[in-house]
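Below is one structure; the comments refer to it alone.
The values are calculated or read from the model by the stated rules, or taken from the named source; none is laboratory data. In this text, all values refer to a predicted model and were calculated from it rather than measured experimentally. Quick note on the areas: whole protein, heavy atoms, side chains included, nothing else; ligands and nucleic acids left out. Shrake-Rupley method; radii C 1.70, N 1.55, O 1.52, S 1.80 Å.
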Amino acid sequence: MNTPETIISEDGWVTYISDFLSFDLSEDFFHRINNSTNWSQQEIRIFGSMVPMPRLTAWYGDKESRYTYSGLDNNPQPWTPVLLELKQMVEVHTGLYFNSVLLNLYRNGDDAMGWHRDNEKELGQNPEIVSLSFGAPRNMRFKHANNKEKKAAVELASGSLLWMRGATQHHWYHCIPRTAKVVAPRINLTFRTILKK
Ligand SMILES: O=C(O)CCC(=O)C(=O)O
């Protein structure tokens, strides 16, 4: 495994390992996750109208890890064996404990995620979020909330691990832009800890 690369070290901390999992293992995980996930296309309100999200999502976790994002209230589905396997690998690597995971399926380059911060109150003050990627590589961009000059970007390879921590969610927005280049699907998992109410 490569040593972690630092993507952001100011007003937060983001590190990246391109080969947390091998190519073959990642291919296998892509299919296992895709086949065992109960995907749905949720709708979000934009300027007063309900529009389908440009990706499929799913939320899994411990029973009490209820989470609201983009105004949507999500009750977790129970952990599947493959998600538990990956959660354990991530926990061993980081020394952290996660009680939930948000899954995103980008069906092709038209699917995307807009600029946002993972700063919902359920995630606590300085959330640790660990992201695993499988399938087509996609760019992730970061922009500083108060300084337009400060930007960062990383291409998220299949089998990679991205770790966001410290004050990152206070100061940095992130997104997965649309691209005309990518045609193959990509699955992203973000492991999170939802604080108990
Ligand atoms: O697909 C990704 O890598 C980004 C996911 C993300 O930003 C999120 O779940 O908040």
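Would you work out what percent of the accessible area of segment 5-192, with all protein chains in place, is carbon or sulfur (probe 1.4 Å)?
It is 51 percent, rounded to a whole number.
Given C-alpha coordinates of segment 1-100, what is the ratio Rg to Rh with the Kirkwood estimate of Rh?
1.01
Using Cα pairs under 8 angstrom and six or more residues apart, how large is the relative contact order of the chain, in percent? Mind showing how you got there, number by number?
Details: 438 pairs, mean separation 58.6, N = 197.
Value for the chain: 30 percent.
Measure out, as a whole number of angstrom, how far apart the alpha-carbon centroids of segment 55-120 and segment 1-45 sit.
For segment 55-120 versus segment 1-45, the Cα centre distance is 11 Å.
Rolling a 1.4 Å sphere over the protein heavy atoms, what is the accessible area per residue of the chain, to the nearest Å²? Please report the intermediate quantities before stating the final value.
Working: 9920 Å² over 197 residues.
Here the residues of the chain average 50 Å² of exposed surface.
For H170, what accessible surface area do you get with a 1.4 Å probe? Give it in Å², rounded to 10.
Its heavy atoms expose roughly 70 Å² to the probe.
Quick query: amide H of Y67 versus all other amide H atoms, modeled in the peptide plane; which residues come in under 5 Å with a sequence gap of 5 or more or a different chain?
Amide H neighbours of Y67, under 5 Å, 5+ apart: N74.
Give or take rounding to whole Å, what are the principal axis extents of the alpha carbon atoms in the chain, in descending order?
Ordered largest first, the chain gives principal extents of 44, 42, 40 Å.
Return the sequence-ordered ³J(HN,Hα) values of segment 179-189 in whole Hz as given by the Karplus equation 6.51 cos²θ - 1.76 cosθ + 1.60 applied to θ = phi - 60°, using x for Gly and Pro.
8, 7, 7, 8, 10, 7, x, 9, 10, 10, 10
Skipping prolines and chain starts, which residues have an amide H placed within reach, meaning under 5 Å, of the one on M53, given they are 5 or more residues away or on another chain?
Q42, E43, I44
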